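Please treat every number below as a calculation from the coordinates, not as lab data. Bear in mind that the values here come from a model prediction, so they are computed numbers and not experimental data. As a convention, Cβ positions derive from the backbone with ideal geometry for all residues, glycine included, and neighbour counts pool all protein chains shown.
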Amino acid sequence: MDLAQAKEKLAKYGQEHVLKYYDELNEQEKDALLAQIDATDMSLLEVCRHREELEKKGVITPLAAMQLPEIEENREAFTAVGLEAIKAGKLGAVLLAGGMGTRLGSDNPKGMYNVGLTRDLYIFECLVNNLLNVVRQADTWIHLFVMTSDKNHKATVAFLKEHDYFGYRAEYVHFFMQEMAAATDYEGKIYLEEKGRLSTSPNGNGGWFISMKNTGLLELVKKEGIEWLNVFAVDNVLQKIADPCFLGATIRKNCAVGAKVVRKNAPDEKVGVMCLEDGRPSIVEYYELTEDLMNAKDEKGDPVYYFGVILNYLFRVQDLIAILDKHLPLHIVEKKIPYLNEAGELVKPDAPNGFKFENLVLDMIHQMESCLPYEVVREKEFAPIKNMTGIDSVESARALLQQNGVTL
Ligand code: UTP
């Protein structure tokens, strides 16, 4: 793209300001900026002017979860089915680690955070330890795909390598980068993060499978005969990954997706809950849950929208391939975005100052024909680290790790 074409594109979307420092750049920087302008999808920025339309939901009805008593009753049978599939190499694990972790506020990738107190214990290490439990149980290595982003790829790869993958076998660890999207102010104007660089941020965790395809890893998945992918977040240090019982239950129920869920703490707890939307599996966010839905009960008197997702899903690969061409809805998220101020100085804001544009993995559930919500015990499998202190924090996760016998 040359300067005239860039100007034309920018004028079409009202983004001419990003060329403010163009004349100050050297030739290389000029080329890089023009290439970035060319590669950036600016049509999506328009949507922040009519956000409400994005959030329209269909008709919500209950979707029953498989609850703990049923799981306990069938634990042995489900586990046998799951282990057989794992031993046959049919399961891969996908670690979503492309996020910026802005709430935690560390400059490093979140997985590098040390939760240890008397020894080093990194978030990545907790996750690898959890996966290694299953590798030992099944006596089979499981391919681990790690999604990073432009912002944290180098640091993540170097850190895991330096720590020898915390005992995981290197040839079973595969890194891939997700795509980026431009970040804007509240008027939808793209920020600059350098004089010759648009401000970008990872485009959400919903693009993971497309990125696996774009980076060639889907070919490996097919070649290895992997039929299921267990997608999980970087921040839940207690979660069970590649859980044989969960896999067995999802296979037995012949569902396209399994979703680990926990019973809510209170009707108004801020988690997305499983439901049907227009007859298809879906997740309704806490802020979309009306008072009526929040308090709805089944014939036994149990609350029906009561099982919150914890970002640990099993997807059947054939069903993922079938939805590759389908678009996911766009979410506009308020975030703290570093930017150049009027004086051309870099500012790292303390409070949100604009929008990021994201696709979310939870929207993939709605594209699937069937989903098994699978209950897990919160205190044993849910210790997310979003903040330094308070709810879902380093503090609360440490307490839960200790409660589960992990020495910190
Ligand atoms: P969060 O919603 O907690 O987002 O991600 P975040 O960016 O990590 O953190 P905050 O909101 O800035 O504090 C949930 C999971 O999805 C991954 C994260 O790494 C985490 O495992 N994720 C998020 C991605 O892989 N890519 C993204 O673009 C966003």
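Place the peptides 93-100, 305-312, 222-229, 373-380 in order of packing, highest mean first, counting for every residue the other Cβ atoms within 10 Å and averaging per peptide.
On the way: 93-100: 24.1, 305-312: 22.6, 222-229: 15.4, 373-380: 18.5.
Going by the mean number of other Cβ atoms within 10 Å, highest first, we get 93-100, 305-312, 373-380, 222-229.
A P(r) calculated from all alpha carbon pairs of segment 85-238, with 10 Å bins opening at zero, reads 10, 37, 34, 14, 4, 0 percent. Size estimate for segment 176-294 follows the Kirkwood approach: the inverse of mean 1/r over distinct Cα pairs works out to 18.2 Å.
Volume per residue, Å³, of the convex hull around the alpha-carbon atoms of segment 153-242?
Values: hull volume 13.7 nm³, N = 90.
Looking at segment 153-242, the number lands at 153 Å³ per residue.
Working note: Karplus 6.51/-1.76/1.60 with θ = phi - 60° gives segment 387-397 the couplings 10, 6, 9, x, 5, 6, 10, 4, 4, 5, 5 Hz, where Gly and Pro are set to x. Mean separation of Cα pairs under 8 Å and 6 or more residues apart, divided by the residue count, gives segment 183-284 a relative contact order of 9 percent.
Counting other Cβ atoms within 10 Å, keep those with at most 15, restrict to DSSP loop, and tell me which trypsin sites (Lys or Arg not before Pro) in segment 73-176 are left. Mind showing how you got there, number by number?
On the way: sites: Arg75, Lys87, Lys90, Arg103, Lys110, Arg119, Arg136, Lys151, Lys154, Lys161, Arg169; in loops: Lys90, Arg103, Arg119, Lys151, Arg169.
Passing sites in segment 73-176 are Arg119, Arg169.
Beta bridges per DSSP, both residues in the chain: antiparallel share near 60 percent.
Shape class of segment 47-140 from the Cα gyration tensor (axes a ≥ b ≥ c, square roots of the eigenvalues): oblate, since a/c reaches 1.5 or more and a/b does not exceed b/c. Here the gap between Arg169 and His327, fully extended at 0.36 nm per residue and compared with their Cα-Cα distance, gives a gain of 53.4 nm.
Pairs of alpha-carbon atoms within less than 8 angstrom and 6+ residues apart define the contacts here; what relative contact order does segment 245-360 have, in percent? Present the calculation step by step, with values, prior to reporting the outcome.
Working: 149 pairs, mean separation 26.2, N = 116.
Here the relative contact order equals 23 percent.
Farthest toward the positive end of the dipole of segment 1-154, out of Ala93, His153, Leu131, is the Cα of Leu131, where the dipole comes from beta carbon charges about the Cα centre.
Taking the longest Cα principal axis of the chain as reference, the axis of helix 153-162 is set at about 50 degrees. Taking R0 as 25 Å, what FRET efficiency do you get between Lys348 and Glu29 from their Cβ-Cβ distance, rounded to the nearest 0.05? The computed FRET efficiency comes out at 0.70.
Measuring nothing but how far apart in sequence close Cα pairs (under 8 Å, 6+ apart) lie, relative to its length, the chain scores a relative contact order of 23 percent. Once you have a ≥ b ≥ c as the square roots of the Cα gyration tensor eigenvalues for segment 347-386, tell me rounded if a/c is under 1.5, and otherwise prolate or oblate according to whether a/b is larger than b/c. It comes out oblate by the Cα gyration axes. Rg and Dmax, both from the Cα atoms of segment 1-71 and both in Å, are 22.2, 68.
Based on the convex hull around the alpha carbon atoms, the chain presents an average projected area of 21.3 nm². Please report, to two decimal places, log10 I(q)/I(0) for segment 265-408 at q = 0.14, 0.17 Å⁻¹ as given by the Debye formula with identical point scatterers on the Cα atoms and no solvent. Results for segment 265-408 at q = 0.14, 0.17 Å⁻¹ read -0.93, -1.18.
So if each residue of separation counts as 0.36 nm, and I subtract the Cα-Cα distance between Gln137 and Asn74, what length gain in nm does that give?
Length gained, Gln137 through Asn74: 20.8 nm.
For segment 333-408, a/c is not less than 1.5, where a ≥ b ≥ c are the root eigenvalues of the C-alpha gyration tensor, and a/b does not top b/c. That puts it in the oblate class. Bridging of Lys348 to lysines at a Cα separation below 21 Å is possible for Lys20, Lys110, Lys151, Lys189, Lys195, Lys335, Lys336, Lys356, Lys386, once same-chain residues fewer than 8 apart are set aside.
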